[in-house]
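Visitor: Take a look at this one; I'll ask things after.
The values are calculated or read from the model by the stated rules, or taken from the named source; none is laboratory data. Not measured: the values here are computed from a predicted model. Neighbour counts run over all protein chains shown; Cβ positions are idealised from the backbone, glycine included. Ligands, DNA and RNA are stripped out before the accessible areas are found, and what is left, the full protein with its side chains, is counted by its heavy atoms. Shrake-Rupley method; radii C 1.70, N 1.55, O 1.52, S 1.80 Å.
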Amino acid sequence: MQNAPDSEARKLVHGDFRMGNLMIAPTGLSAVLDWELARLGDPVQDLAYLCTPSWRFGHYEKVAGGFDSAEAFLAAYARHSGEGVDPDRFRFWLIYSTVWWGVACMVMGEIWRSHGDRSLERTVIGRRVSEVEIDLALLFEEILPRQFCTQLDWKLPEAQDARGETGYDELLTALSEWNSKNVQPDLKGHDRFQSRVAGNALGIAQRQARFGPAFKAASDKRLKAIGFDHGQLCTALSEGRISPEHPGLWDHLRLSALERLSIDQPKYAGLAVALNKWNP
């Protein structure tokens, strides 16, 4: 938080202010749920959190919660509160909130590993980190020098004709199809939801089996060109010993994000936005 913008504002901050925690009636907002993260702080954090890409629910271009532009949202806030919002202050909290959600996804996986909650949903949410990687890359390109925003030559590996014994991706595909066709139709309520989560998990595993080896080979090749292995690069980045100007680094980070998200959640709206920008 050493780079947090200076602000003397100390107001009630919800901490998880997003559309999923709002109850809206025909007459307007009727309730705000989930106050366990509430505290005193910078109110702009709540505004930015609602604009976090993961909380736009497929409407990626509508930055404010998937329902409006950030400009209109912040203008309405200024009109009703009497306080304008500095763009740099808002951008900091938007990037911070995006990172925060990525860390929260990783924590979900750690909770499952520690046997705190062995629900399937925890592990699937743990794979949503790749959504955040794409979101951050798109956000960073708004402030990085323009020369970094180059076009990429990327596509999914072509599927190989199946021969011989059944492949692992075929087994997972068959299991996913059985779940959706034979199990889900007879389920209701939370059981049906859990079956859908299972289908998502099987899809992730199936795509990893199909595309993972090719993606790893491509990643290893890029890392060798950069001059690091994976562990060394992570350490160098965390310690600030390597900058985006390092030859090949920004392309590697973007390509890795594309590869990971195409496995974890290929229908995530941010993936289409990134491909349209980087690989039209």
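Visitor: So, of the residues in region 232-254 that are small (Gly, Ala, Ser) and over 20 Å from the mean Cα position of the chain (by Cα), which turns out to be surrounded by the most Cβ atoms within 10 Å (Cβ to Cβ)?
Guide: Filtering region 232-254 for residues that are small (Gly, Ala, Ser) and over 20 Å from the mean Cα position of the chain (by Cα), the one surrounded by the most Cβ atoms within 10 Å (Cβ to Cβ) comes out as ALA236.
Visitor: Let me ask something else. Can you find a residue that is touching a strand residue (DSSP E or B) at 6+ places or on another chain (Cβ under 9 Å), within 21 Å of VAL99 (Cβ to Cβ), of a type in the set (A, V, I, L, M) and part of a loop (DSSP other than H, G, I, E, B) anywhere in region 63-70?
Guide: no
Visitor: Let me ask something else. Are there any pairs with C-beta distances below 8 angstrom linking a residue in region 67-79 that is small (Gly, Ala, Ser) to a residue that is assigned to a strand (DSSP E or B) and open to solvent by less than 30 Å² (accessible area, probe 1.4 Å), with the two at least 6 apart or on different chains, and if so which?
Guide: Matching pairs, first to second residue: ALA70/ALA64; ALA72/ALA64.
Visitor: Could you tell me which residue of region 265-276 is nearest to ALA198 (Cα to Cα), considering only residues that are open to solvent by 10 Å² or more (accessible area, probe 1.4 Å) and not hydrophobic (A, V, I, L, M, F, W, C)?
Guide: Filtering region 265-276 for residues that are open to solvent by 10 Å² or more (accessible area, probe 1.4 Å) and not hydrophobic (A, V, I, L, M, F, W, C), the one nearest to ALA198 (Cα to Cα) comes out as GLN265.
Visitor: Among the residues of region 74-119 satisfying the criterion of being open to solvent by less than 40 Å² (accessible area, probe 1.4 Å) and under 14 Å from PRO43 (Cα atoms), which is modelled with the lowest pLDDT?
Guide: Within region 74-119, the match that is modelled with the lowest pLDDT is VAL85.
Visitor: Let me ask you something else. On the given criteria, is GLU133 part of a helix (DSSP H, G or I), more than 16 Å from VAL63 (Cβ to Cβ), touching a Leu at 6+ places or on another chain (Cβ under 8 Å) and open to solvent by 40 Å² or more (accessible area, probe 1.4 Å)?
Guide: So GLU133 passes the test.
Visitor: Scan region 141-161 and tell me whether some residue there is closer than 16 Å to GLN206 by Cβ, touching a helix residue (DSSP H, G or I) at 6+ places or on another chain (Cβ under 8 Å) and aromatic (Phe, Trp, Tyr).
Guide: No, because not a single residue in region 141-161 is closer than 16 Å to GLN206 by Cβ, touching a helix residue (DSSP H, G or I) at 6+ places or on another chain (Cβ under 8 Å) and aromatic (Phe, Trp, Tyr).
Visitor: A further question on this structure: Pull up region 167-177, narrow it to residues that are without any contact (Cβ under 8 Å) to a residue 12 or more places away in the chain and not acidic (Asp, Glu), then point me to the one that is most open to solvent (accessible area, probe 1.4 Å).
Guide: LEU171
For (1) assigned to a helix (DSSP H, G or I); (2) in contact with a Pro (Cβ under 8 Å, 6 or more places away or on another chain); (3) under 20 Å from LEU139 (Cβ atoms); (4) open to solvent by 80 Å² or more (accessible area, probe 1.4 Å), each residue gets a yes or a no:
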residue: ILE24; (1), (2), (3), (4): no, no, no, yes
residue: ALA31; (1), (2), (3), (4): no, no, no, no
residue: ASP34; (1), (2), (3), (4): no, no, no, no
residue: LEU37; (1), (2), (3), (4): no, no, no, no
residue: LEU47; (1), (2), (3), (4): yes, no, yes, no
residue: HIS59; (1), (2), (3), (4): no, no, yes, yes
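Visitor: Also, quick follow-up: With the condition kept exactly as written, say whether any residue in region 255-264 is closer than 29 Å to THR166 by Cα and open to solvent by 50 Å² or more (accessible area, probe 1.4 Å). Even if it seems obvious, please write down each step before you answer.
Guide: We begin by selecting, within region 255-264, every residue closer than 29 Å to THR166 by Cα; these are 256, 258-264.
After this cut, where a residue has to be open to solvent by 50 Å² or more (accessible area, probe 1.4 Å) as well, the list is 260.
Yes: region 255-264 contains one or more residues that are closer than 29 Å to THR166 by Cα and open to solvent by 50 Å² or more (accessible area, probe 1.4 Å).
Visitor: Would you please name the residue that is farthest from TRP100 (Cα to Cα), looking only at residues in region 2-22 that are open to solvent by 100 Å² or more (accessible area, probe 1.4 Å) and free of Cβ contacts under 8 Å to residues at least 24 places away in the same chain?
Guide: That would be GLU8.
Visitor: Mind listing just one residue for me: the one in region 178-198 that is open to solvent by 90 Å² or more (accessible area, probe 1.4 Å) and without any contact (Cβ under 8 Å) to a residue 12 or more places away in the chain and, of those, nearest to ALA209 (Cα to Cα)?
Guide: Ranking the candidates gives TRP178 first.
Visitor: Follow-up. Looking only at region 261-280, filter to residues that are polar (S, T, N, Q) and assigned to a loop (DSSP other than H, G, I, E, B); which one of those is farthest from ALA201 (Cα to Cα)?
Guide: Checking each candidate, the answer is ASN279.
Visitor: Let me ask you something else. If the requirement is being surrounded by 10 or more Cβ atoms within 10 Å (Cβ to Cβ), assigned to a helix (DSSP H, G or I), under 20 Å from the mean Cα position of the chain (by Cα) and basic (Lys, Arg), which of these qualifies: ARG222, ARG207?
Guide: That would be ARG207, the only listed residue that is surrounded by 10 or more Cβ atoms within 10 Å (Cβ to Cβ), assigned to a helix (DSSP H, G or I), under 20 Å from the mean Cα position of the chain (by Cα) and basic (Lys, Arg).
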